[in-house]
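Written out below as structure tokens is the structure these notes cover.
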Amino acid sequence: MRELKILVVVLFFTAVVYWGVEPFAHSQMHPHVAPADFSFKDLGHTVGKGDFIKGEELVQANCVACHSVKSVGIQSAMSESDASLAYGVVPPDLSNAGLLYDPAFLSAFLKNPAKAMLVEHKFDQTRTFPMPSYDWMSEDEISSILAFFHSIVKPVSDKALYEEACGRCHDMKYDKTMSHSDKAALTAYMGTLPPDLSIMIRAKSDEYLSTFINNPQKQLAGTSMPRVGLTEKAQNQVISYMEKVGDRKKAEREDLGYKLIAYMVLFTLLAFAWKVKIWREVH
Amino acid sequence: MAEIKKATGLMDWLDQRLAVNGFIKVMMSEYWIPKNINFLWAMGVVLMSLFMILIVSGIFLLMYYKPDIKLAFDSVNYTIMQEVEYGWLWRHMHGVAASVIFLVIYIHMFTGIYYGSYKKGREMIWLTGMALFGIFSAEAFSGYMLPWGQMSYWAAQVITNLFGGIPFIGEALVIWIRGDFLVADATLTRFFMLHVLLLPLVILLLIAVHFYALRFPHVNNQDSEEFDFDKEAKKYLEGRKKESKVVPFWPVFLSKDFFVVGIALTVFFYLVCFHYDFAMDPINFEPANNMKTPAHIYPEWYFLWSYEVLRGFFFDIGGIAAMDIGLAAFGFANVIFMLLPFLDRNTMHTAPAHKRPMFFVWFWLLLIDMIVLTVYGKLPPTGANAWVGFGATIVFLVLFVLLPIITKIEAKNEGAES
Amino acid sequence: MAVEESRRDFIGMAFGGFAAAGGIVALGAMKKTWDPLPSVQSAGFITVDLSPMKEGEVQTIQWRGKPIFILKKSADMAKNEKRDVIAGGSSYSVMIGLCTHLGCIPTWTPSTKQFKCACHGGEFDASGVNTFGPPPRPMDIPPFKIDGTKLVLGEEGPEYKKMVAKKA
């Protein structure tokens with residue numbers, strides 16, 4: 001019984017140390033933030049029912065100078081590289097805007113992009129956000145644009161969704177998916193080159209990523225990364241793609257983990273039987 | 001030359017040439033270990049197993065790792081983790097074993113302190129053991145640099161800067177250690193050499209001496225009882241196995257050790273596959289960036305207590321800069337354990353701590369204080385945290401100042417009793 | 001007592017055997033760690049489009065670090081049933097461009113329609129068969145597969161297997 005008592009003492013102190021340097025220390029270093037808010041309540045926007053035919057006209061009139069909508073055959077007036085040099089980052093194709101972005105976010109975004117993206121601190125009188133504010137549009141017109149985007153939505157793969165949502169600024173070197181934006185222009189625009197995301201899934205916890213993507217300022221006040229306004233589903237697709245690239249041996253690791261543990265348990269039982277047999281002679 | 005006869009079998013053939021039978025007797029079947037021990041005595045073999053795991057996994061990592069600041073990060077995180085078959089397994093095993101081995105070292109070390117296995121003839125065991133601890137620390141630190149992630153870089157930056165506090169030569173020494181004015185490619189390649197060649201060689205040598213040092217004073221037992229090993233061995237060989245106080249290393253002692261190793265490795269593989277963040281800090285999965293320090297930097301958990309001693313003094317005292325006092329305290333903390341056999345002034349009496357009332361209190365205070373230091377060593381050193389760290393540092397220093405005094409009193413009391 | 005002994009042996013053997021089995025499986029994993037990486041293996045397969053080649057033209061490409069000669073035979077070159085690769089109705093000579101003597105790279109001489117090795121004067125005809133000098137055998141043919149007018153090097157297609165069978 002003395003051995004059990006010793007074991008309890010050893011386990012107790014080990015557990016205290018573990019608790020202290022892991023869960024406790026991390027709770028102190030990374031204060032808890034509110035969970036992701038996928039309804040974007042802070043923007044206070046609601047979306048009415050719009051007319052998608054009118055929406056298409058509005059998009060043709062207002063958006064296609066910079067944006068393409070390839071799924072319905074609309075090409076942008078500007079080439080990718082010209083746009084990248086002019087704006088710092090390639091403007092997004094809008095084919096899947098209705099799928100990627102939350103409608104409440106998108107309507108607030110059209111009225112004031114910098115505000116919706118929480119990057120107002122980067123812009124002032126001398127430096128303006130590349131996309132103009134459409135605050136002169138009526139609620140009905142905005143709803144119509146959204147209705148148009150919604151009407152052309154098709155499901156996309158995790159990777160394609162990632163490329164549209166994150167891949168215009170970030171590289172994913174380990175999947176050979178590189179940002180189309182000019183690196184120098186992008187660095188000048190963002191203040192720093194956005195990090196490669198290849199193994200970001202290993203560098204940040206799920207919880208961090210889900211609150212960070214939803215609202216970067218919450219975890220990293222003052223960052224120039226914009227709030228992208230992804231819906232919960234789109235964000236999960238992005239994270240799932242990041243996991244596929246950054247932790248591609250996860251399934252193998254877990255599968256092998258069970259086998260290794262099972263082997264060691266059997267090994268231990270056999271060792272125990274042998275030990276009992278041998279010590280019977282000497283005790 | 002010995003007379004060589006026609007061999008009766010392979011063992012006999014080998015025996016005539018290498019004296020394998022005698023060797024096996026000396027090393028295994030007639031190497032005597034006390035019977036009165038508990039599972040804490042298996043930690044040596046657990047350490048050996050983990051060290052073997054480190055060597056084997058390290059060999060496979062070495063096949064694909066590239067010691068160049070431009071290539072290191074991707075060679076680890078892409079080639080090894082994603083391309084090489086089982087590369088992730090070797091890396092996880094290597095990282096987790098490096099962390100877990102320190103837990104076992106600490107258990108091993110505190111077992112030695114508790115049962116008084118560091119004195120009265122066992123000083124060399126203790127000294128080589130503490131030397132191993134020191135070299136293992138260097139091995140862990142140099143290995144941590146190799147993936148060239150954010151923690152690798154900033155740990156290297158901070159720890160090499162420590163030497164800058166040494167009077168007169170500090171600044172030049174830092175540059176000498178780094179091989180550059182900053183932590184750079186030259187630093188990486190020399191630490192790579194240390195990690196894969198020089199330090200492992202020293203470790204192997206020290207392990208051999210550590211084992212050899214056990215031979216004469218013999219392994220201690222859980223009552224610190226002293227007895228005649230030859231007499232007890234004779235009883236055992238005569239068949240009075242139950243009566244004898246000793247058992248042979250093989251198979252009796254090892255059969256128990258294998259069982260303990262089995263349990264340890266079961267937990268180990270769970271950690272390797274499902275719970276590795278404690279040993280492979282997520283921050284190190286971001287590539288090194290010499291223009292951006294992570295929000296929180298801290299050493300691996302096993303360095304935290306001495307790191308906290310280092311930063312415990314956060315204010316100047318009597319005109320001496322806080323940094324210098326901290327450095328002196330850090331130096332103290334790193335050599336003081338080495339001196340334990342000489343600080344214990346009750347030199348001629350070995351007993352477990354529960355039979356030494358004052359030492360017993362000292363032991364548990366030390367353990368608790370080191371845990372406090374460890375926990376606060378990771379927390380941001382601000383506000384109340386800084387004061388707790390300062391207090392625990394003072395307690396640590398005072399405990400070692402007190403040790404010679406209380407053991408002296410203990411020796412005196414025992415002298416009076418007898 | 002004898003029963004006791006054998007039982008002890010049995011448990012000890014079972015434990016030892018189980019540990020050894022684990023060791024063997026671990027060796028298997030280690031062997032796999034030594035295997036060429038997937039990126040290396042995929043680089044071991046190269047596809048060459050033969051359609052743009054002109055008659056009598058020789059092109060040299062690199063495959064697994066070795067030069068590969070591909071010659072589209074013109075009408076005046078002798079056919080060699082055992083060695084010619086037929087793709088899209090034309091005959092080609094495909095060979096590893098290393099002299100079978102000591103491994104130098106022979107050069108194509110259009111005037112005589114020969115491959116000549118500068119090292120020791122070995123000569124091969126347009127089909128890669130040794131005609132003069134020290135080379136002991138014709139130049140080797142790399143494993144290939146015909147895919148329309150494309151040639152995939154590294155993969156053993158039916159035409160390659162047939163060719164190997166003929167030689168034997």
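The values are calculated or read from the model by the stated rules, or taken from the named source; none is laboratory data. All of these numbers come straight from a predicted model, not from anything done at the bench. Here the Cβ is made from the backbone with ideal geometry for all residues, glycine too, and neighbour counts use every protein chain on show.
The table for this structure:
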| quantity | calculated |
| --- | --- |
| Contacts under 6 angstrom Cβ, first residue in region B:393-405 being closer than 14 Å to B:S306 by Cβ, partner of a type in the set (D, E), 6 or more apart | B:F396/B:D369 |
| Enumeration of residues in region A:163-174 that are over 21 Å from A:M78 (Cα atoms) and more than 10 Å from chain B (Cβ to nearest Cβ) | A:H170, A:D171, A:M172 |
| Residue ID - nearest to A:Y189 (Cα to Cα), chosen from residues in region A:60-85 that are without any contact (Cβ under 8 Å) to a residue 24 or more places away in the chain and aliphatic (A, V, I, L, M) | A:A83 |
| Search result, residues across region A:96-110 that are touching a residue at least 60 places away in the same chain (Cβ under 8 Å) and touching a Ser or Thr at 6+ places or on another chain (Cβ under 8 Å) | A:N96, A:L99, A:L100, A:Y101, A:D102, A:A104, A:S107 |
| Any hit, region A:132-142, residues being in contact (Cβ under 8 Å) with a residue 60 or more places away in the chain and under 25 Å from the mean Cα position of the chain (by Cα) | no |
| Residue within region B:336-349 that is within 13 Å of chain A (Cβ to nearest Cβ) and surrounded by 15 or more Cβ atoms within 10 Å (Cβ to Cβ) present | no |
| Unmet criterion (only one of (1) surrounded by 19 or more Cβ atoms within 10 Å (Cβ to Cβ); (2) modelled with pLDDT of 95 or more; (3) not basic (K, R)) for A:G229 | (2) |
| Count of residues meeting criterion [more than 15 Å from the chain's Cα centre (by Cα) and surrounded by 14 or more Cβ atoms within 10 Å (Cβ to Cβ)] in region C:58-70 | 2 |
| Lone unmet requirement of (1) among the hydroxyl-bearing types (S, T, Y); (2) within 14 Å of another protein chain (Cβ to nearest Cβ); (3) without any contact (Cβ under 8 Å) to a residue 60 or more places away in the chain for B:S142 | (2) |
| Residue within region B:59-81 that is assigned to a helix (DSSP H, G or I), within 14 Å of chain C (Cβ to nearest Cβ), crowded, with 16+ Cβ neighbours inside 10 Å and in contact (Cβ under 8 Å) with a residue 24 or more places away in the chain present | yes |
| Members of region A:188-207 that are assigned to a helix (DSSP H, G or I) and surrounded by fewer than 17 Cβ atoms within 10 Å (Cβ to Cβ) | A:A188, A:D206, A:E207 |
| The one condition in (1) at the interface with chain B (Cβ under 9 Å from one of its Cβ atoms); (2) within 22 Å of A:K173 (Cβ to Cβ); (3) outside any loop (DSSP other than H, G, I, E, B) that A:I261 fails to fulfil | (2) |
| Restricting region B:279-313 to residues that are more than 21 Å from A:L193 (Cβ to Cβ) and surrounded by fewer than 17 Cβ atoms within 10 Å (Cβ to Cβ), the residue that is nearest to the other protein chains (Cβ to nearest Cβ) | B:H296 |
| Condition met for B:D344 (more than 28 Å from B:E171 (Cα to Cα) and charged (D, E, K, R)) | yes |
| Residue among A:K275, A:K244, A:K259, A:K250 that is closer than 24 Å to A:P92 by Cβ, among the basic types (K, R) and either modelled with pLDDT under 95 or out of contact with any Gly (no Cβ under 6 Å at 6 or more places or on another chain) (or both) | A:K244 |
| Elements of type helices (runs of 4 or more DSSP H) in region A:1-103, at least 3 residues being away from every other protein chain (no Cβ under 14 Å) and of a type in the set (G, A, S) | A:80-87 |
| Only listed residue being in contact (Cβ under 8 Å) with a residue 12 or more places away in the chain, under 23 Å from B:P352 (Cα atoms) and at the interface with chain A (Cβ under 8 Å from one of its Cβ atoms), chosen from B:K245, B:K256 | B:K256 |
| Candidate set from region A:236-258 (those that are facing another protein chain (nearest Cβ under 7 Å) and over 20 Å from the mean Cα position of the chain (by Cα)); member that is nearest to A:P155 (Cα to Cα) | A:K249 |
| Criterion violated by B:I169 - all others in (1) buried (at least 21 other Cβ atoms within 10 Å of the Cβ); (2) away from chain C (no Cβ under 14 Å) satisfied | (1) |
| Helices (runs of 4 or more DSSP H) enclosed by region B:88-182 - at least 2 residues per element that are modelled with pLDDT of 95 or more and under 30 Å from B:H349 (Cα atoms) | B:123-145 |
| Flag if B:G44 is closer than 23 Å to B:I107 by Cα, touching a residue at least 40 places away in the same chain (Cβ under 8 Å), more than 11 Å from chain C (Cβ to nearest Cβ) and outside any loop (DSSP other than H, G, I, E, B) | yes |
| Members of region B:263-322 found to be polar (S, T, N, Q) and either outside the structural domain of B:I166 (by TED's automatic domain parsing) or touching a residue at least 12 places away in the same chain (Cβ under 8 Å) (or both), listed by number | B:N284, B:N289, B:N290, B:T293, B:S306 |
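To keep it simple, each residue is scored yes or no on (1) part of a helix (DSSP H, G or I); (2) within 14 Å of chain B (Cβ to nearest Cβ); (3) of a type outside the set (D, E); (4) surrounded by 14 or more Cβ atoms within 10 Å (Cβ to Cβ).
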residue: C:F10; (1), (2), (3), (4): yes, no, yes, no
residue: C:F15; (1), (2), (3), (4): yes, yes, yes, yes
residue: C:F18; (1), (2), (3), (4): yes, yes, yes, yes
residue: C:I24; (1), (2), (3), (4): yes, no, yes, no
residue: C:G28; (1), (2), (3), (4): yes, yes, yes, no
residue: C:K31; (1), (2), (3), (4): yes, yes, yes, no
residue: C:T47; (1), (2), (3), (4): no, no, yes, no
